[in-house]
Amino acid sequence: MKEEKVIVVDFGGQYNQLVARRVRECNVYCEIYSYKTDIEKIKEMNPKGIILTGGPNSCYEEGAPSCTRELFELGIPVLGLCYGAQLMMHVLGGKVEKAPVREYGKTEVHFDTASKIFQNVSKSSVCWMSHTDYIANVASGFAITAYTADCPVAAAENAAQNLYAIQFHPEVLHTVEGTKMLSNFVLGVCGCSGNWKMDSFVENSIREIREKVGNGKVLCALSGGVDSSVAAVMLSKAVGEQLTCVFVDHGLLRKNEGDEVEAVFGEEGNYDLNFIRVNAQERFYEKLAGVEEPERKRKIIGEEFIRVFEEEAKKIGAVDFLVQGTIYPDVVESGLGGESAVIKSHHNVGGLPDYVDFKEIIEPLRDLFKDEVRKAGLELGLPEHLVYRQPFPGPGLGIRIIGDVTAEKVRIVQDADAIYREEIANAGLDKGIGQYFAALTNMKSVGVMGDERTYDYAIALRAVNTVDFMTAEAAQIPWDVLGKVSSRIVNEVKGVNRVLYDCTGKPPATIEFE
Ligand code: XMP
């Protein structure tokens with residue numbers, strides 16, 4: 001399946017994952033490797049093409065990330081981007097130095113459209129530049145194929161050897177015709193056929209899993225989230241009832257969510273698997289009673305989850321395989337692929353659970369980006385509402401109730417949140433907002449209902465737009481929608497007499513309240 005692949009050699013640039021994604025958008029399979037990867041390993045992989053990414057260093061400085069000349073002599077087409085382009089010149093005898101003018105942002109670039117890379121690209125178009133060094137002289141055998149007002153070598157190539165250098169970033173969407181250039185490289189220069197498609201990925205993965213598992217028993221912790229659901233369905237299609245999915249209802253799910261997950265995966269559902277739902281609500285509420293500190297709550301919920309799962313796993317006995325819904329960004333962000341800083345050591349990668357007796361782990365989505373996981377989910381026939389579910393934190397409503405958690409507070413926040421979601425969907429806003437939910441502030445205040453004084457909770461509504469969930473802006477929800485949501489919540493949810501809207505961005509706030 002993956003015989004045809006392009007590799008991205010990562011020099012620490014911030015767009016490394018983007019390069020791989022854009023290549024995959026051309027239906028060519030692509031993986032990211034650190035620049036430290038042994039050249040022998042690269043030869044073994046025998047990629048159809050190599051792309052060198054950008055990076056924060058100056059290639060002429062001592063100790064800067066580098067590569068050997070041999071990389072350019074393998075007979076495999078190489079495309080260097082930004083730092084990668086400068087490094088190509090530096091290693092092959094050109095000259096790179098600090099540019100007299102630093103270029104940053106959208107820049108008009110003029111192309112030689114006779115170049116294979118710039119075929120069908122306009123004579124000049126806007127590209128994303130971000131560099132302080134520049135290529136002062138190209139290496140011997142190279143011709144200049146693009147320039148800007150301040151950058152004499154915006155692109156260069158040695159077409160006979162299939163070596164291409166581009167100073168700007170075609171992978172960034174601000175480069176208007178960037179995808180065409182990358183496609184020209186992988187399809188035109190490397191000769192890839194472009195037949196990496198989700199249906200063949202799904203089909204091949206199912207076949208490979210079936211071969212690997214044989215008659216073995218497989219266990220999967222199902223959360224109802226996109227990744228674990230897609231992984232479970234893939235396993236179910238491969239090995240049917242050899243798969244057991246354990247779904248722990250910790251009582252901190254959104255309203256009706258436990259039943260919805262059961263409807264899809266349980267006995268009445270569409271899939272061939274053993275589904276075990278553990279209703280552990282009371283256990284979690286007991287452990288959480290009186291605990292106010294957010295991190296402590298997170299820890300209790302995480303630990304109790306493991307304990308419940310472990311007990312169920314023991315009932316099943318030894319299994320051969322454990323399924324995890326690890327996806328490619330988890331792998332890269334954990335520092336296992338590419339060269340990016342370790343942003344978080346994701347619980348899915350590396351730390352194998354030692355509380356279940358199993359022989360091997362299966363990670364069927366390990367090579368996929370999130371949007372590809374969604375495509376795979378649709379391919380596998382999962383319902384759209386599940387595939388496009390917005391992120392829901394592992395500790396669930398436990399971190400959307402400020403302070404201590406009780407069954408009553410869970411009921412309040414579930415009901416308020418359900419109304420909020422319903423009205424957002426009624427207003428047609430559900431697909432346009434990154435994440436939105438109701439939270440229960442721990443504040444009670446005075447209100448008046450009929451002629452009676454009330455002293456009840458305030459619900460906070462949150463809605464944010466975000467690209468990566470690292471930063472976010474409060475979404476501007478129309479006033480009439482907010483008005484309808486607040487009046488419904490105070491009228492329909494007992495225990496609430498006030499509704500607040502959170503206008504803070506992240507930073508300084510976070511998306512969740514705890
Ligand atoms: P914050 O609140 O940090 O949230 O701005 C960023 C994103 O991460 C989710 N989130 C969590 N997910 N366990 C999770 O699995 C957690 O403890 C957790 N805390 C926050 C949050 O929903 C948002 O999408």
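The values are calculated or read from the model by the stated rules, or taken from the named source; none is laboratory data. What you see is a predicted model; the values in this text were computed from it and never measured. Reconstructed Cβ throughout: ideal geometry from the backbone, glycine too, with neighbour counts over all protein chains shown. Heavy atoms of the whole protein, side chains included, go into the accessibility calculation; ligands, DNA and RNA do not. Shrake-Rupley method; radii C 1.70, N 1.55, O 1.52, S 1.80 Å.
See the values below:
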quantity: Condition broken by G403, with the remaining ones in (1) touching an Asp or Glu at 6+ places or on another chain (Cβ under 6 Å); (2) in a helix (DSSP H, G or I) satisfied; calculated: (2)
quantity: Residue that is assigned to a strand (DSSP E or B) and either more than 16 Å from A146 (Cα to Cα) or assigned by TED's automatic domain parsing to the domain that holds H169 (or both), where the choices are E70, E108; calculated: E108
quantity: Residue among N274, N270, N215 that is in contact (Cβ under 8 Å) with a residue 40 or more places away in the chain and open to solvent by 20 Å² or more (accessible area, probe 1.4 Å); calculated: N270
quantity: D502, sole failed condition from (1) within 17 Å of R254 (Cβ to Cβ); (2) open to solvent by less than 30 Å² (accessible area, probe 1.4 Å); (3) among the charged types (D, E, K, R); calculated: (1)
quantity: Answer residue from the range 403-418, given it is within 16 Å of the ligand (Cβ to nearest atom) and among the aliphatic types (A, V, I, L, M) and is farthest from the chain's Cα centre (by Cα) among those; calculated: V405
quantity: Looking only at the range 466-489, and only at residues there that are within 12 Å of the ligand (Cβ to nearest atom) and surrounded by 15 or more Cβ atoms within 10 Å (Cβ to Cβ), the one that is modelled with the highest pLDDT; calculated: A472
quantity: Condition check for G84: touching a strand residue (DSSP E or B) at 6+ places or on another chain (Cβ under 6 Å) and either open to solvent by 40 Å² or more (accessible area, probe 1.4 Å) or outside any loop (DSSP other than H, G, I, E, B) (or both); calculated: yes
quantity: Exclusive hit being within 16 Å of the ligand (Cβ to nearest atom), among the charged types (D, E, K, R) and buried (at least 19 other Cβ atoms within 10 Å of the Cβ), set R366, R421, R400, R389; calculated: R400
quantity: Count - residues of the range 311-333 that are surrounded by 15 or more Cβ atoms within 10 Å (Cβ to Cβ) and either within 16 Å of the ligand (Cβ to nearest atom) or assigned to a helix (DSSP H, G or I) (or both); calculated: 13
